[in-house]
Each structure stands twice: as C-alpha cells, then as structure tokens.
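The values are calculated or read from the model by the stated rules, or taken from the named source; none is laboratory data. None of the values given here were measured: they were computed from a predicted structure. Every residue, glycine among them, receives a Cβ derived from its backbone with ideal geometry; neighbour counts consider all protein chains shown.
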Amino acid sequence: MSNKAARNLFIFGSLFFFLIFLGLTFDTMGKLDGRAPEITEQIDAGKKVWHKYDCIGCHTIFGNGSYFAPDLTKTTENKPKGYLKQFLMDPRSANPKAAMPKLGIRSDEADDLIVFLGWISKVDTNGWPPKPILAAAAGVAGQELTDGQKLYRSLGCSACHVINGIGGTTGPELTRVGARHDREWLVGHFKDPQAYVPNSAMQKVEAPDGDIEKLTDYMLTLK
Amino acid sequence: MSVKYQSQKLAEYFYAFAVVLFLVQVLVGIIAAVQFMWPDFFILNFNIIRSLHINALVVWLLVGFMGATYYVVSEESETEIWNLPLAKLQFWATVVTITAVVLGYIWMGLNPQANSPIMGINPLNEGREYIEAPRWADVLIVISVLLFIFINFMTVLKTKKWTGIQGVLLVGLVFLALMYLPGMFYSKSMVKDQFWWWWVVHLWVEGSWEIIAGALLAFMLMKTIGAKREVVEKWMYIEVGLVMFTGILGTGHHYYWIGTPGYWLWVGGIFSSLEPIPLLFMVWDAFRTTREHRNVSNKVGLFYAVAHAIFNFVGAGLWGVIHTLPQVNKWTHGTQITTAHGHLAFYGAYVLLVMAMIYVTLPSIRGVKEFNSSRAYQSFWWLTISMVLIVMTITGAGMVQVYMERLMGLDYVAVKANYNLWFWIFRAIFGVGFLIGVSIFVIDFFKLGKGPASEVTEVAAAPERA
C-alpha cells in the first residue's frame, strides 16, 4: 500500500465511521424522550442542584462518576424520602457514621434533588443496575420464611439495615437487635421511632398492629 | 546539538507548566487515596480533591501536547514558529486561565454556596466529571486552543511542507478542539447530558488524543533511531486509521446503561472489543522499527517511547477490553474496575507519551550533546512499578466489590469500608512510591543538561537523515 493510499484510508475511513456515528446519534436523540418520564420544572431544578454541589465528584449516577460514594441511580426506590431529605441536609444527624459532609443543602434544594433522583430511577437503563444474583436466589430457594421475615422484606427494611451481613448500612445493624431491646421497646419504636431515639431518621412503620407484632417476633429471634 | 529554530525553545515553557501540574496532580491524588480510608482527612472534601486530580491530569497532558506540537511543527516545517510573541501570549493566557479555575475549585471547596448559579450558570464548577471547569473558562480554553492551532497552521503555511506527521498531528488537534464543544451546553435531561458528555470524554481519549499519540510516536521513532519517514508515516496512517474505525463507534460502550436504546450494546460491544488492535499495532511497530535500526541516538527517549506503546496497549487496550462486553460490563460498570482501567490507561497512553516527548526534545532545547540519564531511568521504574501496583490493588478492590456488592448484594459502604480497607491502605502506600518517581522526574526536568555530565551519559540529538 502506498503512503497516499494509507492516508486516504485514514481520512475517508474515519469520515465514514463518523457519519454512521452521527446517524446513530440522530436516531438515539429521537428515542430518548420515550425512554424516560417527562421532565418537569422541579426535575430540572433538582438537576441544577446536582451540578451546583458537584455531587458527581463523589457519587456515580447511571454508574458514571467518581466511585467514592454509592451510586444514586435507584436510591429513591431503596430509601424513604424523609430519610433522604434529613440525610441530604445534615448527613450525620441521619446516620452518625456517614462519610458525607454537611454541604449546606437547603430544604427546597433537597426536595428538588429527591424529585430529580426519582426521575433518574425511572429511566429505562436496559436493566442496569442488575439485581444481585446471590441475594435474589436466597429469597427463592432455602427454608420457608416466617411471617416476620416476609414483612421485613416486603417493607424494605434491608434498604437501611444489615442482618448477617446483608443490607444497607445507613441504619443500625439488626443482627443482634433481639439482645438489645425487649418487645415493648420494639413495638413502641416501630410505631413512633422519634419517641424512643431523638432525631432518628427512621420512618414510622405503617402497618397493622398484627404485622408489627409479627415483625417484632422476628426481631426478638435475632440474638 | 541545539535546536535548529530558536522558537522551538518555546516548548520548554509548556513542558515546565505541565511538569509542575503533574506534581500537583499526584500530591492531591495521595490526599484522595487517604480520604478513601478517612473521608475527613483534609480541609477540602473528596469531590474538590478529585476534580483537582483529574483536571490537573487532563490539563498537564494537553499543555504537554501543545509544547510538543510547537516543537514538532517547527521542525517538520523547517522554519521558525509564526508569530512567537503571540504563541507566548497563548501560553501565559493558558496559565492564567488554569490558575483561576483551580482557585475557583478551592474557593468552592471552602464554601459550597459560592457556586450558586449566576444567571443560570455555576460560576466556579460545572459539576460534571472531567469538564468541571465553568463556562467562562470553557470559552477561554477554546479561544486558547484555537489560537494555538491557528499559530501552528500559519507556521505550516510559511513553507507548505505538508509532512504526514504534522498533517496527522493537526488533524488530531482540530478534532480535539471540535470535540470540546459538545460539553458546552446545558441539557435538561441527564441522559442527554451524559450522552454528549461522552462525546467529549471518549472522543478525546480514545479518538483525538490517540491520533496525536500516533503522530508523536512516529516523530519520536524518526528522531531517536533515524527511522525512514516513508515507513513510519505509512504505519502511522494505518494505526490512527484503525484507532478511528474502532474508537468512534466504540463510544457505544458508554451507551449501555445511561438510558440509550439497546442497539448500543451491539455497536459498543463489537467495536470497542476491536479497540486494542491498533494499540497492539503500535507496539509491534515500535519494536520492529527499533530492531531495524541499530543507530540509537537518544536511548532514554526511545526507552520511554517504547514503554508508552507497551503500556498504552496494556492499560488502554487490555484493561479496557476485559470489561467492555455488555455481558461483563453489566456487573463491573461503575465499580473500581473502571478506576483501575482509568489509571493504567492514562499512565501508559499519555503520561509516558508526554514524558517521552520531553526526553526526546528537551536535550536539544537545552543545547546539550550529552546528558546524565540515570535519573530518567530511576523515575521510570519508580513510576511504572508503583503504578502497576496501584492498578493491581484497585483491580483487586474492584473484583471484591463486583462479587460482594453486585453479585451478593452487600451494601456499597460495607464493602468499601470493611472488605476493601487493605486495598486502600496499600494503594496509598504505592501512591507515595509514585510521588517519589514524579519528584525524581521533576528534579531531572529542571536539572537536565544544566549540571556537569557524569559517567552515565549519552548522545542527545538525532543524526540528520535526508
């Protein structure tokens, strides 16, 4: 191959692939709005809060960012909104072990940011992030679950609490919670957390009294 | 032997600024590494430290390319740089802009509210990874780059010697300037935001920057071992061509999970899997050319150039391709595996490239025939061994993270704080090793050719081959 032929291959080949890329980009732009909910004023305001505090300097979103703090793509699906708001405005009041500093995020900014993250969680991401294989498998196979264990799952408690290594670390670990508290404390705390733990970021458990008793039964087995 | 054209000495200004920023980058990198274990370690939070770490990297490499380009274009065009005072103004304007941006980040770190939008624009930090620089700085950077390209273009026009090397170099630089623009507008949709953001990030490091690398590698092979222009230029065209054929559509590997249509899994998976091929070509090219020419005129320059080719392939190629298929990437995306790839790729592809260009061109800029190269080798081994160990620890952390967080379903914070703690400790220690390497390099840069030559010496400048 002569030098001129090699040069032409480089120039025209690159242009060819760039044109294909432009075509795919054009097609993608036409499809993006259909793959996500409509963007409201508040969602846009939340996105601006996201940029203002350089959230991506620690966190990732859609898996892109700084890998220093949790990915926030599905965070609104996993954590109660009240908890998120308290955490955003003063992280260590919601979770004393939090690494995140208090940035001075205002109440209205926190609301906007949570709405923005809610929008993010509803974008069609081709199935990312995947459901953990082993955790998902443990819920299908294995021994029969008690009513309390089923409630623990259906109420989403593991989003914030750890039992035997599995679960979120934002709330206290529950692996031995039955050794720390009695039935009366646990039932009362489920119904009104702040009456037992001042400034607790936990949400009230909205469930019938019977369910709260069953959940408490489960907690008391954890010793 | 000294430079043929006095204005080539301009390159040293850019190199000096680049080298200082390299030191800053690694210093803040160590702070960031400690913050992985101890988030409150420093007065500035991690996000500011990381912005400084990655922005210093991008800017020092870019400034290094600028210095190298002024040198190469003057050499290839066989004439002085067109309008040297304007080129010096371009240099100082760049320094002032970058310094202002850095001060802005620090200010924001001390007072986050200082970044409140003014007429809808964040004045200190755009809050977008890699392109954190605020809009006013974007505009100044674009002006600086366009001025830089214009000056070099005018230099070429003085003698109209359109060599392949400077042609490809300028194509790469124009492509680089164009690909900065997609990052300069606001999208309400985070999906579109990230879509265009990848045009900047991917089409820089896996597009225009690799074109620049191809041209500079060809130049260095000619200068250090007197390889024939005809041959190196032909292989250069083939290499940069293959970079573009695979790299442009390879952008698709960033469009798997951000809300873009499913066909990107096919496009990105296929084309990005081919991306290591041109990088392997460059390694083969470097070895073949070296073997054919026994007359090495700048041993340490050649050493760095070949090391660049090898680690470009290992870091950007191999460490990238292991997690580029969607079936794998679904589990590894957004984990420390990406960080490991980023570190080795930038080190191999671009850090060693700019260092190689400095060792190839600096002796003649300083006007020395012989120089002591022992520090250059020392710094190479400190840097390379430390970086390989850093990448090993981050890769290990990433594997643990993928298994425990993604497969077992453990919490991100639990994995990071407990199971990966030792990886962070070792990474910080190896980071200090890297800092030692950088320090030796910085000392060598400022001392090269200025002290008395000791026993370990070598001939600096290339013999002329017509």
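What residue, of B:Leu362, B:Leu325, B:Leu318, is modelled with pLDDT of 95 or more and more than 23 Å from the chain's Cα centre (by Cα)?
Residue meeting the stated conditions: B:Leu325.
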Residues of the range A:82-127 being surrounded by fewer than 19 Cβ atoms within 10 Å (Cβ to Cβ) and without any contact (Cβ under 8 Å) to a residue 12 or more places away in the chain, which ones? A:Arg92, A:Pro96, A:Pro101, A:Gly104, A:Asp108, A:Asn126, A:Gly127
Checking B:Ser187, B:Ser144 in turn, the sole residue that is more than 18 Å from the chain's Cα centre (by Cα) and not in a helix (DSSP H, G or I) turns out to be B:Ser187
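Are any residues in the range B:282-297 among the basic types (Lys, Arg) and farther than 15 Å from B:Lys234 by Cβ, and if so, which ones? Talk me through it step by step, then tell me what you get.
Residues of the range B:282-297 among the basic types (Lys, Arg): B:288, B:291, B:294.
Within the range B:282-297, B:Arg291, B:Arg294 qualify.
Residue-by-condition table, conditions (1) acidic (Asp, Glu); (2) surrounded by fewer than 20 Cβ atoms within 10 Å (Cβ to Cβ); (3) at pLDDT below 95; (4) part of a loop (DSSP other than H, G, I, E, B):
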site: B:Gln378; (1), (2), (3), (4): no, yes, no, no
site: B:Ile385; (1), (2), (3), (4): no, yes, no, no
site: B:Ala414; (1), (2), (3), (4): no, yes, yes, no
site: B:Ala417; (1), (2), (3), (4): no, yes, yes, no
site: B:Ile425; (1), (2), (3), (4): no, yes, no, no
site: B:Gly431; (1), (2), (3), (4): no, no, no, no
Of everything in the range A:9-33 that's of a type in the set (Gly, Ala, Ser) and facing another protein chain (nearest Cβ under 7 Å), which residue is nearest to B:His254 (Cα to Cα)? A:Ser14
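Residue by residue through the range B:34-44, note down the ones that are out of contact with any Leu (no Cβ under 8 Å at 6 or more places or on another chain) and either crowded, with 22+ Cβ neighbours inside 10 Å or outside any helix (DSSP H, G or I) (or both).
B:Gln35, B:Phe36, B:Trp38, B:Pro39, B:Asp40, B:Phe41, B:Phe42
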Please list, ordered by first then second residue, the pairs with beta carbon atoms under 8 Å, 6 or more apart or interchain, first in the range B:104-132 and closer than 13 Å to A:Trp50 by Cβ and within 7 Å of chain A (Cβ to nearest Cβ), second among the hydroxyl-bearing types (Ser, Thr, Tyr) and surrounded by fewer than 18 Cβ atoms within 10 Å (Cβ to Cβ). B:Asn122/B:Ser116
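This table checks each residue for (1) assigned by TED's automatic domain parsing to the domain that holds A:Val205; (2) part of a loop (DSSP other than H, G, I, E, B).
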residue: A:Gln86; (1), (2): no, no
residue: A:Arg92; (1), (2): no, no
residue: A:Glu109; (1), (2): no, no
residue: A:Tyr152; (1), (2): yes, no
residue: A:Pro172; (1), (2): yes, yes
Is there a residue in the range A:203-222 that is more than 30 Å from B:Ser189 (Cα to Cα), surrounded by fewer than 17 Cβ atoms within 10 Å (Cβ to Cβ) and touching a His at 6+ places or on another chain (Cβ under 9 Å)? yes
Would you mind finding the one in A:Phe62, A:Phe18 that is within 19 Å of the chain's Cα centre (by Cα) and within 20 Å of B:Pro182 (Cβ to Cβ)? A:Phe62
I'd like to verify a number: residues in the range A:22-56 that are among the small types (Gly, Ala, Ser) and free of Cβ contacts under 8 Å to residues at least 40 places away in the same chain, how many? 3
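A quick yes/no check of all residues on (1) outside any helix (DSSP H, G or I); (2) modelled with pLDDT under 95; (3) within 28 Å of A:Tyr67 (Cβ to Cβ); (4) touching a Phe, Trp or Tyr at 6+ places or on another chain (Cβ under 8 Å):
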{"residue": "B:Gly437", "(1), (2), (3), (4)": "no, no, yes, yes"}
{"residue": "B:Ile440", "(1), (2), (3), (4)": "no, no, no, yes"}
{"residue": "B:Ile443", "(1), (2), (3), (4)": "no, no, no, no"}
{"residue": "B:Ala461", "(1), (2), (3), (4)": "yes, yes, no, no"}
{"residue": "B:Ala466", "(1), (2), (3), (4)": "yes, yes, no, no"}
A:Pro193 being closer than 30 Å to B:Val402 by Cβ and modelled with pLDDT of 90 or more: no
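Of the residues in the range A:34-48, how many are over 30 Å from A:Arg106 (Cβ atoms) and within 8 Å of chain B (Cβ to nearest Cβ)? Show your work before the answer.
Here is the first cut: in the range A:34-48, the residues over 30 Å from A:Arg106 (Cβ atoms) are A:34-35.
Still in the running and within 8 Å of chain B (Cβ to nearest Cβ): A:35.
Looking only at that region, the number is 1.
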Scanning the range A:37-58 for residues that are surrounded by fewer than 22 Cβ atoms within 10 Å (Cβ to Cβ) and assigned to a loop (DSSP other than H, G, I, E, B) gives A:Pro37, A:Glu38, A:Ile39, A:Thr40
Taking into account only those residues within the range B:226-262 that are more than 9 Å from chain A (Cβ to nearest Cβ) and in contact with a Leu (Cβ under 6 Å, 6 or more places away or on another chain), which is surrounded by the most Cβ atoms within 10 Å (Cβ to Cβ)? B:Ala227
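Is it fair to say A:Lys4 is assigned to a helix (DSSP H, G or I) and surrounded by 19 or more Cβ atoms within 10 Å (Cβ to Cβ)?
Details: assigned to a helix (DSSP H, G or I): yes; surrounded by 19 or more Cβ atoms within 10 Å (Cβ to Cβ): no.
Answer is no for this residue.
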